[in-house]
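Notes for the one structure printed next.
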Amino acid sequence: MLRTAMATAVAALMAWVSPASAGQTLDGVKQRGVLACGVNVGIAGFALPDSQGVWRGMDADLCRAVAAAVLGDPGKVRFVPLTAVQRFTALQSGEIDVLIRQTTLTMVRDTNLGMRMVGVNLYDGHGFMVRRDANVRDLRGMDGMTVCLSPGTTNELVTADAFRAAGLRFTPVLQERMQDAAQSLQAGRCDAIGTDATQLAALRSQFARPNDYVILEERFSKEPYGPVVRRDDQEWFDVVRWVLFGLIEAEELGVTSGNAEQMRASSQNPAVRRLLGAVPDLGQAVKLGPTWLYDAIRAIGNYGELYERNLGPSTPIALPRGINDLWTRGGLMYAWPMR
């Protein structure tokens with residue numbers, strides 16, 4: 001019986017691991033010449049095709065950074081739009097090489113789904129958006145409301161927990177696409193949307209009358225977003241993790257898309273020289289060429305440029321850096337030492 005149970009457990013584990021999970025993702029991307037990157041089906045500031053069909057947003061740019069680091073060209077990305085329900089299956093099956101799609105990093109996801117959470121690229125928290133004329137100021141004012149939610153997300157659970165803890169009632173309206181939830185709120189088919197605050201701000205920025213809606217101030221969860229890769233491919237995990245850390249390190253060191261070339265040629269700062277490949281140590285550590293991070297930074301900029309271009313105060317989404325600022329300015333963004 002014990003032997004049978006162990007065999008069953010091993011078989012179940014192997015079912016999660018696709019052939020692409022056996023440490024070959026980096027070689028596969030190089031041989032294919034294109035990175036398959038899973039993104040949202042469309043949400044402003046993160047991943048949304050523009051009028052020319054070009055994907056724009058923070059997640060889309062992170063895909064380009066990985067492509068630039070691995071392939072030397074930020075354009076060598078095949079964007080794969082995925083709903084929340086589809087995203088993990090697409091990664092597990094090998095349809096995509098990396099998932100960069102507003103995915104909350106949690107313990108269960110990191111340990112039980114055959115995947116590995118890479119690192120945090122955005123700190124967020126669950127919130128609610130309601131009509132301004134509903135005169136709702138906090139969760140208690142939402143008692144009895146219908147709330148649009150996306151199935152298969154942490155937000156579905158967080159909403160249920162928040163209402164239950166407060167002794168309040170709500171009726172969930174499950175819609176796979178957040179764009180459908182946005183339309184439902186505007187049409188009066190639900191009274192509120194529950195999801196992460198950055199997504200609420202992104203959705204509201206596209207409303208015909210954005211000022212008619214308010215995002216409640218209270219946050220009900222910790223929602224750290226980050227890229228996700230398949231488990232048991234440490235080599236690929238290292239590449240994606242250190243591309244992300246490299247963009248944060250670049251901001252710390254004052255390296256931008258505009259000055260990277262000059263700093264690579266003239267800086268005497270050892271940290272800058274390592275980052276930009278004037279010495280090859282970091283590239284060798286992840287089995288890439290010496291200019292891997294230089295190429296990524298030249299392509300999309302450092303983390304601060306990435307944030308400001310897609311989510312910052314000068315964009316329609318208009319989100320201040322807040323906790324997503326560098327640790328030296330009171331935020332949480334902190335790159336591990338790159339040496």
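The values are calculated or read from the model by the stated rules, or taken from the named source; none is laboratory data. As the structure is a computational prediction, the values presented were derived from the model and not from experiment. FYI the Cβ positions are ideal-geometry reconstructions off the backbone, even for glycines, and counts take in every protein chain you see. Please note that ligands, DNA and RNA were not included when accessible areas were found on the heavy atoms of the full protein model with its side chains. Shrake-Rupley method; radii C 1.70, N 1.55, O 1.52, S 1.80 Å.
Observations
- Accessible surface, per residue, of the chain when the full set of protein chains is kept, probe 1.4 Å, Å²: 45 Å²
- Applied to the range 201-212, the Karplus parametrisation 6.51 cos²θ - 1.76 cosθ + 1.60 on θ = phi - 60° returns per-residue 3J(HN,Hα) values of 5, 5, 4, 4, 4, 9, 5, 5, 10, x, 6, 7 Hz, with x for Gly and Pro.
- DSSP bridge pairs, the chain: antiparallel proportion in percent, nearest 5: 55 percent
- Where labels lie 7 Å past Cα in the beta-carbon direction, separation of E308 and I323 in nm: 2.4 nm
- Cα centroid separation, the range 124-147 to the range 232-280 (Å): 43 Å
- With helices as the sole contributors, the chain gives -12000 deg cm²/dmol at 222 nm; each DSSP H run of n ≥ 4 counts as -39500 (n - 2.57), and the sum is divided by every residue.
- Highest-MSF residue in the chain out of V228, V136, V54 [GNM, Cα springs under 10 Å]: V54
- 11 Å cut-off, amide nitrogen to a point 7 angstrom out along S205 Cα→Cβ, residues in the range 312-335: 312-320
- Once both labels are positioned 7 Å from their Cα atoms along Cα-to-Cβ, the gap between Q24 and E235 label points is 1.1 nm.
- For F128, the residues whose modelled amide H falls within less than 5 Å of its own, excluding neighbours fewer than 5 places apart on the same chain, are L216.
- About its Cα centre, the chain has a charge dipole of approximately 240 debye under the convention of +1 per Lys or Arg Cβ and -1 per Asp or Glu Cβ, with nothing else charged.
- Theoretical FRET efficiency, 1/(1+(r/R0)^6), r = Cβ-Cβ of D133 and W336, R0 45 Å, to 0.05: 0.40
- Between A271 and R164, the modelled label-to-label distance comes to 4.5 nm, taking each label 7 Å out from Cα in the direction of the beta carbon.
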